[in-house]
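Student: Mind looking over this structure? Questions follow.
No lab work stands behind these numbers, since they all come straight from the coordinates. Bear in mind the structure is a predicted one, so any value in this text is a computation, not a measurement. Counting neighbours? That spans all protein chains shown, and the Cβs are built from the backbone with ideal geometry, glycine included.
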């Protein structure tokens, strides 16, 4: 049990550190994953994997959700998604930390 608690604390601290770093670079240009782009298209939005979106806010959603982001689409509609569904440009300073 203590081992799991330590692992949880390490993950939580890592998420907090990454969120602080990301906040320094906001807005962060990103691209949707294949699955996210498909979901947007099913909702009638003209979003492909090549559509550049912007992360405008970053949050820790808790134990199960991990890091979530508010992204701003081209039409200025805010959407909250998991960081795992976003791709950062390889040239971005945080690209080695966000994957």
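Student: Under a crude label model (7 Å from the Cα following the beta-carbon direction), how far is residue 16 from residue 48 in nanometres?
Tutor: 4.3 nm
Student: How far apart, in nm, are two points set 7 Å out from the Cα along the Cα-to-Cβ line at residue 57 and at residue 24?
Tutor: Inter-label distance under the simple model: 2.3 nm.
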